[in-house]
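A.B. asks: Questions regarding the structure given below will be posed in turn.
The values are calculated or read from the model by the stated rules, or taken from the named source; none is laboratory data. Keep in mind the model is a prediction, meaning the values are calculated, not measured. Counting neighbours? That spans all protein chains shown, and the Cβs are built from the backbone with ideal geometry, glycine included. Protein only, heavy atoms only, side chains kept; ligands, DNA and RNA dropped before computing areas. Shrake-Rupley method; radii C 1.70, N 1.55, O 1.52, S 1.80 Å.
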Amino acid sequence: MIRLAIVGAGLMGEDHARIVAQNLPMGKLQVICDMDRSRAQSVADATGAADVSIEPQAVIGRSDVDAVIVASPDFTHAPLTKACIAAGKPVLCEKPLSQSSVECLDVIKTEQSVGKQYVMVGFMRRYDQSYVEMREALTSGRLGRALMMHNFHRNVETPAADFTAAMAITNSAPHEFDVVRHVLGTEFTSVTAHQPRRSDDRVAPVVMVVETEDGQLVTIEINNNAAYGYDVRAELVGEAGSVTMNNVAYTRTDIKLESRTRYDADWRGRYHEAYVRQNREFLRFAETSVFPEIASNAWDGYCASAVAEAGARALTTGTKQTVEIISKPELYDRPKEAAT
Ligand code: ISE
């Protein structure tokens, strides 16, 4: 039994707590921590967590806490993750590890200094069955060499009034940056970013074209104001065929010459199964110290931030930007599986 602390009791902290309470009997919710005690208490009441706190650093150090899920605001992710490494506690940090690649490198250095991996980054799409099957089509060789991957990522509306086009790249697109690197088994080399014009002052879609070191082209559309529903799609094109993600809906209703399927309002329903799989792997990692084969690690968190920074520069300058990444530290070496 792994005794878990969840730091941050907002939308994602609450979702993680529910997933552990309802789906993962090998985890015990020990502490829910939030700067707002009443918010922590209401999540604890709903999920049966043993205790609440408003002190994240103290929680990380508690002897009755074996592992930590960090779901607090983005700017706290790296410092709290470093505190977990220092305390020798496995940590599942919500994405992004940091919006700054320099800060991600700081986390990497902290892990290198202890010579062991403690950090899983919450890029849950790696566990989504659609991407699992795309990756498998490549690694098995069935699809031939990968040529392109097209991605659409649409939200109903921006989460906050001050959400900008740059944030579409640094906050939403990291999911695509991570999962595309994972599916293709390669690194990005350059990015361009473009925007159509809207008729109002809402954030317009951002369309990126990203090149990989293996010569593939990746298109990514982020539309944070798509209005109609939460909609993520992708198509992986290889030399021998293509794999397209189906919309996930349990039913279709056909009435009065019309056919309807539903969209989720946000990602929690669409990726529920992926979150459950990810969190199960995290608990196993906490129990066995064996880093899960497909999980995102601190290096992956760094790569996602480095591409996002290049993407944001591409948008501001209107020019193609090189993705600068350092060479991968040995600690993060994994066998390269994708067929070339
Ligand atoms: C948002 O930033 C997220 O973090 C969610 O995981 C993602 O699915 C959503 O579409 C993003 O906008």
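A.B. asks: Which residue fluctuates the most in the chain, going by a Gaussian network model with Cα springs under 10 Å, if the choices are Gly185, Gly115, Gly301?
C.D. replies: In the Gaussian network model the winner is Gly115.
A.B. asks: Only Cα pairs under 8 Å and at least 6 apart count here; give the relative contact order of segment 1-48 as a rounded whole percent.
C.D. replies: Worked out over segment 1-48, it gives 44 percent.
A.B. asks: About the Cα centre of segment 1-145, how large is the charge dipole given +1 on each Lys and Arg Cβ and -1 on each Asp and Glu Cβ? Please answer in debye to the nearest 20.
C.D. replies: That gives a dipole near 500 debye.
A.B. asks: Kindly provide the trypsin sites (Lys or Arg not before Pro) of segment 129-237 that DSSP labels as loop, not H, G, I, E or B, and whose Cβ sees at most 15 other Cβ atoms within 10 Å.
C.D. replies: Arg142, Arg145, Arg197, Arg198, Arg202
A.B. asks: Each label point is 7 Å from the Cα along the Cα-to-Cβ direction; what then is the distance between the points at Leu257 and Ser42, in nm?
C.D. replies: Result for the modelled spin labels: 4.7 nm.
A.B. asks: Roughly what angle does helix 74-86 make with the longest principal axis of the chain, taking Cα atoms, 0 to 90 degrees, to the nearest 10?
C.D. replies: With both axes taken from Cα atoms, the answer is about 50 degrees.
A.B. asks: Taking all protein chains as present, what is the carbon and sulfur share of the accessible area of segment 79-186, in % to the nearest whole number, probe 1.4 Å?
C.D. replies: 54
A.B. asks: Let me ask you something else. Any chance you could give the angle, 0 to 90 degrees and rounded to 10, that helix 298-317 forms with the longest Cα principal axis of the chain?
C.D. replies: The angle comes out at about 50 degrees.
A.B. asks: Then there's this: What number comes out for accessible area per residue over segment 123-263 if the probe is 1.4 Å? Units Å², please.
C.D. replies: Value returned for segment 123-263: 49 Å² of accessible area per residue.
A.B. asks: Over the chain, calculate the relative contact order: mean separation of alpha carbon pairs under 8 Å at least 6 apart, over the residue count, as a percent.
C.D. replies: 20
A.B. asks: Cross-link list Lys95/Lys320; Lys89/Lys116; Lys109/Lys320: which exceed 19 angstrom alpha carbon to alpha carbon?
C.D. replies: From the list (Lys95/Lys320; Lys89/Lys116; Lys109/Lys320), the Cα-Cα distance tops 19 Å for Lys95/Lys320; Lys109/Lys320.
A.B. asks: Kindly state, to the nearest 0.05, the FRET efficiency for Ala86 paired with Asn247, given R0 = 35 Å and r defined as their beta-carbon distance.
C.D. replies: 0.20
A.B. asks: Using a Gaussian network model of the chain with C-alpha springs under 10 Å, which one of Glu239, Glu94, Glu103 is most mobile by mean-square fluctuation?
C.D. replies: Glu239
A.B. asks: Using a Gaussian network for the chain with springs between C-alpha atoms less than 10 Å apart, which of these wobbles most: Lys95, Lys256, Lys116?
C.D. replies: Lys256
A.B. asks: Something else now. Determine the shape class of segment 158-201: with a ≥ b ≥ c the square roots of the Cα gyration tensor eigenvalues, call it rounded for a/c under 1.5, and otherwise prolate if a/b is greater than b/c, oblate otherwise.
C.D. replies: The shape class here is prolate.
A.B. asks: Carbon and sulfur together cover what percent of the accessible area of segment 233-332 at a 1.4 Å probe radius?
C.D. replies: Roughly 47 percent, rounded to a whole number.
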